[in-house]
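Remarks on the structure that follows.
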Amino acid sequence: MKINREMYYDRVHACWTGKNIGGTMGTPYEGKREMLNIDGFSSPKGEPLANDDLDLQLIWLCAVEDRGIRNITPQLLGEYWLNYIVPHWNEYGIAKANMKLGIAPPYSGEYHNEKWKNSNGAWIRTEVWACLFPGFPKYAAAYAYRDACVDHGMGEGTYAAMFVAAMESAAFFETDVQKLIDVGLSYIPKESRVAKSVRLAVRLYLDKMDFKTARNAVVKETEDLGWFQAPANVAFVILGLLYGEGDYKKSMIHAINCGDDTDCTGATIGSIMGIMHGSSFVPDDWAEYIGDSITSVAIDMSYMRRPRSCTELTERIANLLPSVLKAYRVYAAFTDGETEREKIGALEICDFEIPRTGLSIDFPDLVYAKGRVEFDRCIVAPGDTLTLTFVFKNMMPDPKYLNIVLSLPDGWSADRTDISMHLPQPNNASPTAYADVRITVGETVHTANQIYAKAGAAGRITSAVLPIPIWGN
């Protein structure tokens, strides 16, 4: 892959400038339930307002710089949450409280989080993954999932993050809004509420419904979820993009005028359109009004490594790009010539596998195999049953046999504690192996209970132990 340096820098910088513009314009109206009628900024010139939508991504960037892209897991991001993310708002506070009890992601986004796991905190912080994987939505969506599940589990908030990240990544190579929507939808379950709301927004636009009626229809369709929830607000972004019909100002103002989480919808419009078209598309008067600096509110202000401007943020992401892509065997180089990328059609193919049972935890890297455990529940009472599904894929050319040994809490039992899995060669028609284990909970259930799974293959030198926490009801 060859990437024109000027094009990439320009679009990434336009992404963050747009994020700042939309966040600043929308923040004064955050939480308004009525339809609005704004026409621009209501804050002082040259003073971008602080926005957690952007703040958290500064910490994720530092995590990638510190640890390398391959080591970015939900658990690692959870540790950065505990160190550097200050607020306790809604799902932020719930997830941090859970992690302080030892409840690891994705449990941390599920436990006592029924109201907020469907909300907006994750899809608004996806641009960093899109900019690190330009034109590779499968990777952007995968990392958006790892990020979002920390505080949203497998709620609609996580699906929204995967949808938006895929759209933003594809926008480096595609400017047709409908095609970008199709890319995003291919990465989330068809039956999810986010997908339903997005399809409704598209249908209303294609049916030539007037904008106000379309907005009210989205509100009506999602009213059972309440306010500050992802399905409606993502749909507001889609309404802005569609009814704005390619006009930057009109698109952003439409999205903000829908009300609700206005800083999030405006900021996301700005970032997507910046990626699609670059700085020349950002209105000069708005770009000048907002400036280049980043004002922070949601992160530890003593953390000196955070980027302080959109320009610095752009440069640091660009510095990471070749190594991030190389980690996935994409050999990228900056060039002064044309951008060349093979298999552009692959933008419309989703090959990221959403855990079948919703919740999952990745095994530590076995080098020769990649695996996870999926589970159908994380909270149990005495006598309950739960199913663990072990999912592994061979990462080396030779077929092998993987052995998993389970260690259970006292008094708990399983239909088997010694599992053998055949891992076929990676080019096999069915390269992924599955094994289900049914566990019966004993009479003694503590607040925190640990199942341990040790995995290793005969003739290999690497093994891994995965603690699987199960919580008492």
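Can you grab the distance from the C-alpha centre of region 7-27 to the C-alpha centre of region 183-250, Å, no decimals? Region 7-27 and region 183-250 have Cα centres separated by 22 Å. Sorted on the mean count of surrounding Cβ atoms within 10 Å across their residues, most packed first, peptides 301-307, 48-54, 365-371 read 48-54, 365-371, 301-307.
Please give the net charge around residue 14, taking every other residue with its beta carbon less than 13 angstrom from that of residue 14, where Lys and Arg add +1 and Asp and Glu add -1. My count for the surroundings of residue 14 gives -4. Annotation: extensible slack from residue 203 through residue 463 equals 88.5 nm (criterion: 0.36 nm per residue apart, minus Cα-Cα distance).
Share of carbon and sulfur in the accessible area of region 209-321 stands at 54%, probe radius 1.4 Å. Here residue 334 sits with roughly 50 square angstrom of accessible surface, probe radius 1.4 Å.
Determine the shape class of region 153-238: with a ≥ b ≥ c the square roots of the Cα gyration tensor eigenvalues, call it rounded for a/c under 1.5, and otherwise prolate if a/b is greater than b/c, oblate otherwise. Because a/c hits 1.5 or more and a/b fails to exceed b/c, region 153-238 counts as oblate.
For region 260-340, just say rounded, prolate or oblate: build the C-alpha gyration tensor, square-root its eigenvalues into a ≥ b ≥ c, call rounded for a/c under 1.5, and beyond that prolate if a/b exceeds b/c, oblate if not. Don't skip to the end; give the middle numbers.
On the way: a/c = 1.91, a/b = 1.30, b/c = 1.47.
Oblate is the answer for region 260-340, as a/c is 1.5 or above yet b/c matches or exceeds a/b.
Here the label points at residue 454 and residue 285, each 7 Å from Cα along the C-beta direction, are separated by 7.0 nm in the simple model. Relative to the dominant Cα principal axis of the chain, helix 230-244 is inclined by about 40°. Counting 0.36 nm for each residue step from residue 438 to residue 336 and taking away their Cα separation leaves a gain of 31.0 nm.
Anisotropy class assigned to region 116-198 is oblate, per the alpha carbon gyration tensor with a/c at or over the 1.5 cut-off and a/b no larger than b/c. The distance between label points at residue 446 and residue 90 comes to 3.5 nm (points 7 Å beyond Cα on the Cα→Cβ vector). Taking each residue as 0.36 nm, the span from residue 418 to residue 473 lengthens on full extension beyond its C-alpha to C-alpha distance by 17.1 nm.
Cross-link check: pairs 138/370; 19/45; 115/454; 138/190; 190/220; 138/179 evaluated at a Cα-Cα cut-off of 25 Å; pairs beyond the cut-off: 115/454.
Report the Cα centroid-to-centroid distance between region 69-100 and region 442-461 in angstrom, as an integer. Cα centroid of region 69-100 versus Cα centroid of region 442-461: 24 Å apart.
For region 48-133, a crude dipole built from +1 on the beta carbon of Lys and Arg and -1 on the beta carbon of Asp and Glu, taken about the Cα centre, is about 200 debye to the nearest 20.
For region 161-207, the solvent-accessible area works out to 36 Å² per residue, with a probe of 1.4 Å and every protein chain left in place.
Positive-end ranking of 177, 404, 279 along the dipole of the chain, with charges on Cβ about the Cα centre, is headed by 404. Largest first, the residues 82, 241 sort by 1.4 Å accessible area into 82, 241. In degrees from 0 to 90, rounded to the nearest 10, what is the angle of the helix 262-277 Cα long axis to the longest principal axis of the chain? Value to nearest ten degrees: 80. For the chain, the longest principal axis of the C-alpha atoms and the axis of helix 156-170 are separated by about 60°. Using the average count of surrounding beta-carbon atoms within 10 Å as a protection proxy, the listed peptides 230-238, 427-435 rank, highest first, as 230-238, 427-435. The apolar share of the surface of region 42-82, taken as the fraction of accessible area on carbon and sulfur atoms (1.4 Å probe, ligands and nucleic acids excluded), comes to 45 percent.
In a reduced charge model with +1 at each Lys and Arg Cβ and -1 at each Asp and Glu Cβ, region 284-343 shows a dipole moment near 600 debye about its Cα centre. A 1.4 Å probe run over region 412-473, with the rest of the protein chains in place, finds 55 Å² accessible per residue. About its Cα centre, the chain has a charge dipole of approximately 920 debye under the convention of +1 per Lys or Arg Cβ and -1 per Asp or Glu Cβ, with nothing else charged. Per residue, region 55-151 exposes an accessible area of 28 Å² to a 1.4 Å probe, with every protein chain left in place.
The values are calculated or read from the model by the stated rules, or taken from the named source; none is laboratory data. Bear in mind the structure is a predicted one, so any value in this text is a computation, not a measurement. Every residue, glycine among them, receives a Cβ derived from its backbone with ideal geometry; neighbour counts consider all protein chains shown. Ligands, DNA and RNA are stripped out before the accessible areas are found, and what is left, the full protein with its side chains, is counted by its heavy atoms. Shrake-Rupley method; radii C 1.70, N 1.55, O 1.52, S 1.80 Å.
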